[in-house]
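Novice: The following block contains the structure, expressed as structure tokens.
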Amino acid sequence: MIQTLILHADAPPKPAAGEPCNGCGICCAAERCPVAWLFLPLGGGACGALEWDGAAGRYRCGMVVHPANYLGWLPRPWEMRAGRWFASRIAAGSGCDFNATEVGDA
Ligand code: SF4
Ligand code: SF4
């Protein structure tokens, strides 16, 4: 299947599967992870919690960095703990687990 993804011009190129995640954002723009399916409203396109971090020059998962922005029922004092839990659910820090057969400029 051919899929066109719109990403920030300064986003880093996708690393090979298994290499450290560099926040290229391609996986979250292409398909929703289980956290998104369970906790975020349905919608087309990139995951609604995919955030561009201009200072770092990479994408970040909003459900990890400030989930209370997306979950109106989550008390702010619980946000850090919830973010850590979401990070564990998306296997953050365990390397790129997304296989794209071809990535290039449109
Ligand atoms: S897991 Fe891979 S595709 Fe997803 S943001 Fe990280 S490097 Fe990019
Ligand atoms: S919830 Fe986070 S990890 Fe999952 S698709 Fe959205 S931005 Fe990506």
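Novice: Return the total of residues in the range 35-44 being surrounded by fewer than 10 Cβ atoms within 10 Å (Cβ to Cβ) and part of a loop (DSSP other than H, G, I, E, B).
Specialist: Initially, the range 35-44 is screened for residues surrounded by fewer than 10 Cβ atoms within 10 Å (Cβ to Cβ), giving 38, 41-42, 44.
Applying the additional criterion that residues be part of a loop (DSSP other than H, G, I, E, B) yields 41-42, 44.
Total satisfying the criteria: 3.
Novice: Additional query: Take the residues in the range 16-44 that are more than 17 Å from Ser88 (Cβ to Cβ), of a type in the set (Gly, Ala, Ser) and within 16 Å of ligand 1 (Cβ to nearest atom); name whichever of them is nearest to the chain's Cα centre (by Cα).
Specialist: In this case the residue turns out to be Gly25.
Novice: Would the range 72-79 turn up any residue that is at pLDDT 95 or above, in a helix (DSSP H, G or I) and surrounded by 13 or more Cβ atoms within 10 Å (Cβ to Cβ)?
Specialist: Yes; the residues of the range 72-79 include at least one that is at pLDDT 95 or above, in a helix (DSSP H, G or I) and surrounded by 13 or more Cβ atoms within 10 Å (Cβ to Cβ).
Novice: Condition check: within 14 Å of ligand 1 (Cβ to nearest atom) and on the phi < 0 side of the Ramachandran plot. Does Arg76 satisfy that? Full working, then the answer.
Specialist: Details: within 14 Å of ligand 1 (Cβ to nearest atom): no; on the phi < 0 side of the Ramachandran plot: yes.
No; evaluated as a whole, the condition is false for this residue.
Novice: Go through Leu5, Leu50, Leu71, Leu40 for me and flag whichever is more than 12 Å from ligand 2 (Cβ to nearest atom) and in contact with a helix residue (DSSP H, G or I) (Cβ under 8 Å, 6 or more places away or on another chain). Quick ask: steps written out before the conclusion?
Specialist: Working: Leu50 fails: more than 12 Å from ligand 2 (Cβ to nearest atom); Leu71 fails: more than 12 Å from ligand 2 (Cβ to nearest atom); Leu40 fails: more than 12 Å from ligand 2 (Cβ to nearest atom).
Of the residues listed, the single one that is more than 12 Å from ligand 2 (Cβ to nearest atom) and in contact with a helix residue (DSSP H, G or I) (Cβ under 8 Å, 6 or more places away or on another chain) is Leu5.
Novice: Could I ask something else about it? Right, Ser88: hydroxyl-bearing (Ser, Thr, Tyr), over 23 Å from Ala9 (Cβ atoms) and within 12 Å of ligand 1 (Cβ to nearest atom) or not?
Specialist: Details: hydroxyl-bearing (Ser, Thr, Tyr): yes; over 23 Å from Ala9 (Cβ atoms): yes; within 12 Å of ligand 1 (Cβ to nearest atom): no.
Considered against the rule, which asks whether it is hydroxyl-bearing (Ser, Thr, Tyr), over 23 Å from Ala9 (Cβ atoms) and within 12 Å of ligand 1 (Cβ to nearest atom), Ser88 comes out as no.
Novice: Moving on to the next point. List every residue pair whose Cβ atoms lie under 6 Å apart, where the two residues are 6 or more positions apart in sequence or sit on different chains, the first residue falls within the range 6-24 and is assigned to a loop (DSSP other than H, G, I, E, B), and the second residue, located anywhere, is among the aliphatic types (A, V, I, L, M) and away from ligand 2 (no atom under 16 Å from the Cβ).
Specialist: Filtered contacts from the range 6-24: Lys14/Val103.
Novice: Filter the range 46-64 for residues that are outside any strand (DSSP E or B) and within 11 Å of the chain's Cα centre (by Cα); which is surrounded by the most Cβ atoms within 10 Å (Cβ to Cβ)?
Specialist: In the first step, residues of the range 46-64 are kept if they are outside any strand (DSSP E or B); the result is 46-49, 54-57, 62-64.
From what is left, the residues that are within 11 Å of the chain's Cα centre (by Cα) are 46-49, 62-64.
Working: Ala46: 19, Cys47: 23, Gly48: 16, Ala49: 24, Gly62: 20, Met63: 27, Val64: 20.
By that ranking, first place goes to Met63.
Novice: Please verify whether Pro20 is of a type outside the set (Lys, Arg), surrounded by 11 or more Cβ atoms within 10 Å (Cβ to Cβ) and out of contact with any His (no Cβ under 8 Å at 6 or more places or on another chain), treating the condition exactly as stated.
Specialist: Values: of a type outside the set (Lys, Arg): yes; surrounded by 11 or more Cβ atoms within 10 Å (Cβ to Cβ): no; out of contact with any His (no Cβ under 8 Å at 6 or more places or on another chain): yes.
Against the criterion (of a type outside the set (Lys, Arg), surrounded by 11 or more Cβ atoms within 10 Å (Cβ to Cβ) and out of contact with any His (no Cβ under 8 Å at 6 or more places or on another chain)), Pro20 does not qualify.
Novice: Within the range 85-100, does at least one residue satisfy the condition of being in contact (Cβ under 8 Å) with a residue 24 or more places away in the chain, exposed (fewer than 13 other Cβ atoms within 10 Å of the Cβ) and away from ligand 2 (no atom under 15 Å from the Cβ)?
Specialist: yes
Novice: Can I ask one more? Which condition breaks for Arg32 when tested against (1) outside any helix (DSSP H, G or I); (2) modelled with pLDDT of 95 or more; (3) near ligand 2 (Cβ under 9 Å from one of its atoms)?
Specialist: The number of the failed condition is (2).
The values are calculated or read from the model by the stated rules, or taken from the named source; none is laboratory data. Computed from a predicted model, the values in this text were never measured in an experiment. Don't worry about glycine lacking a Cβ; one is built from the backbone with ideal geometry, like all the others, and counts go over all protein chains shown.
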